[in-house]
Amino acid sequence: MSGDGDDQSWMIAMRSKYSSLNAERPHPELPTIVRVSHIIRKTNEEAYEPEILSIGPYHREKKRLQEMEKQKWKYLRDFCSRNDGLTLDDILIKVQELKKSARSCYLEDIPIGEAEFGEMLLLDGCFILELFLKSEERKSLGEEKKYPYESDLIFASSSEWILRCVARDLLLVENQLPFSVLLHIFNSFAKPISSVSLVSLSVNFFKTSYYTISKAESSIHRDSHKKSFHPDESSLLHLLHLVHSHFMITSDQEEDPGKNFDSSRSLLPLVEQKHLSDDHQSHRLRPLQTVPCAKRLQDAGIKFKRRKGGNFLDIKFEKGVMEIPHILVDSYTNTFLRNLIAFEQANPALGKCFTFYTAFMDFIVNTAQDVEILHQSGIIDHGLGSDKNIALMFNMMCKGLIVESDAKDKYHKLTRDIIKYYKTPWNMWRAKLNRDYFGNPWAIISFTAGVLVICLAITNTILGIYRYFHPSP
């Protein structure tokens, strides 16, 4: 009897668990703000963790981030005071309208109540907007005028490092707020008093506060005749997506450098790009071809050159010359690239430019000697202590990832052309000749003298043979 009871009890438990699936929150749309997978995270935990600022629900309860929560309340007050007649109730009503759609943007069921979730949206949204507005004001005043927020915790001249940390934390995959929340609050309460769009405010802030971004020239502004970056704001997922889109290289730009940025190709929400990903499956994916390191490429006659203009993703190779745009590597570059890679891994339909770029740099940078070659060519500048640290950074960034491409991807063609040039024997022989015999003036003189001696010896031999068979009368 007891056996029969045990058999029935496990069946009842299974039915209960199965029935509970119907009660779970449905996902009519794919979530857009996700956790970083364990495979990616385990290689460098700190790169995905906020240092001083929590945005959204994933890191909200961490003790070390609570000091900045106080600052959010101050920024809420400052934001409300910007617009005469604006009350807290006005913003509360707007946030109430956004709560349901905002909650569906997160991958996990958020273990906080409706009231706390609404408070988070309001505080985080107003904090980000006020931060961007203050940054724009400071930029417009210039250094010759006293900035009115000198006592501000973030913008005080004595706490520049805090501003850098805030900018870094705002571009973490897990530290995002739906862009729709920012956009609705901005359009309702800040747009009437702001001369700059939300996209421009966001881009200007990161270009001012994030060295890796400020030193990288965006492809959108590659030529002076190009129009400014104007994506469809309603299609942006969050701030990290905005920055990703700002650097995206579209096939339209490759085919026609004068053509304007086509936001419809790279800024569609993930749920609207299903037809793109389905079409993508018609092309057979394959691992990205391995490219030899910079030293071996240099030995094969390939020259490295700093590419002027364009953004740092836009690598070119033609007739044995590899042009790579300049990149400044600082303490936050690792975090910046890793989070953009994690974003691309979670949203493959939005492009893989940062994944391809980092994988390519991993190929050509294996040792400190490779970093030195790129540094001497004006491609890499850094402040991380040693060239070895830079090599290690790139070598670890794609660890655990399977980087696949198809024949239509720009980096597939790039690697194919490089390998073809590298494997051509004549290119290696010519490079060896130049390196061994034309590397310095003395080598050239020695080589020329050797050639002359050989020519004279051959001439004398021919004359001797000629005289032997044609003796003088």
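Can you pull out the GluC sites (Glu not before Pro) in segment 81-116 that DSSP calls coil and that have at most 16 other Cβ atoms within 10 Å?
Numbers: sites: 97, 108, 114, 116; in loops: 108.
Answer in residue order: 108.
Residue order by solvent-accessible surface for 230, 375 is 230, 375, largest first, with ligands and nucleic acids left out and a 1.4 Å probe. Between residue 101 and residue 420, residue separation times 0.36 nm minus the direct Cα-Cα distance comes to 109.8 nm.
Note on residue 452/residue 328: beta-carbon distance plugged into 1/(1 + (r/R0)^6) with R0 of 51 Å gives a FRET efficiency of 0.55. For residue 139, give me every one of the lysines with a C-alpha distance below 20 angstrom, ignoring sequence neighbours fewer than eight places off in its own chain. Answer for residue 139, where 20 Å is the Cα cut-off: 191, 207, 215, listed by chain and number. Heavy-atom accessible surface of residue 82, to the nearest 10 Å², is about 60 Å², with a 1.4 Å probe and all protein chains retained.
Between residue 321 and residue 286, the simple label model (points 7 Å from Cα in the Cβ direction) yields a spacing of 2.9 nm.
Couplings 3J(HN,Hα) of segment 316-326, computed from phi: 10, 9, 7, 6, x, 10, 9, 9, 10, x, 5 Hz, in residue order, whole Hz [Karplus 6.51 cos²θ - 1.76 cosθ + 1.60, θ = phi - 60°; x for Gly and Pro]. Centre-to-centre separation between the Cα atoms of segment 351-366 and those of segment 403-424: 12 Å.
Counting heavy atoms of the protein chains alone, residue 12 has an accessible area of about 100 Å² for a 1.4 Å probe. In percent, rounded to a whole number, the relative contact order of segment 63-173 is 28, using alpha-carbon pairs under 8 Å and six or more apart.
Roughly speaking, what is the centre-to-centre gap between segment 62-107 and segment 295-310 when only Cα atoms are used, to the nearest Å? Their Cα centres are 49 Å away from one another. Annotation: amide H-H contacts under 5 Å for residue 307 (H modelled 1.01 Å from N, sequence separation of 5 or more, or interchain): 324, 326.
Compute the FRET efficiency between residue 81 and residue 116 as 1/(1 + (r/R0)^6), taking r as their Cβ-Cβ distance and R0 = 30 Å, and round to the nearest 0.05.
Numbers: r = 25 Å, r/R0 = 0.83.
Given R0 = 30 Å and the Cβ-Cβ separation, E is 0.75.
Can you compute the modelled spin-label distance between residue 18 and residue 88, with each label point 7 Å from Cα toward Cβ, in nm? Simple spin-label model gives 5.1 nm for this pair.
Mind giving me the FRET efficiency for residue 459 and residue 404? R0 is 41 Å, r the Cβ-Cβ distance, nearest 0.05 is fine. Could you put the intermediate results ahead of the total?
Details: r = 61 Å, r/R0 = 1.49.
In this case the efficiency is close to 0.10.
Extension gain for residue 375 to residue 469 (0.36 nm times residue separation, less C-alpha to C-alpha distance): 27.6 nm.
Among 72/94; 42/100; 134/352; 305/420, which pairs are too far apart, with a Cα-Cα distance over 26 Å?
Details: 72/94 18 Å; 42/100 32 Å; 134/352 33 Å; 305/420 19 Å.
Violating the 26 Å Cα-Cα cut-off are 42/100; 134/352.
The values are calculated or read from the model by the stated rules, or taken from the named source; none is laboratory data. Just so you know, these numbers come straight off a predicted model, no measurement behind them. Don't worry about glycine lacking a Cβ; one is built from the backbone with ideal geometry, like all the others, and counts go over all protein chains shown. To get the accessible areas, we keep the full protein, side chains included, count just its heavy atoms, and leave off ligands, DNA and RNA. Shrake-Rupley method; radii C 1.70, N 1.55, O 1.52, S 1.80 Å.
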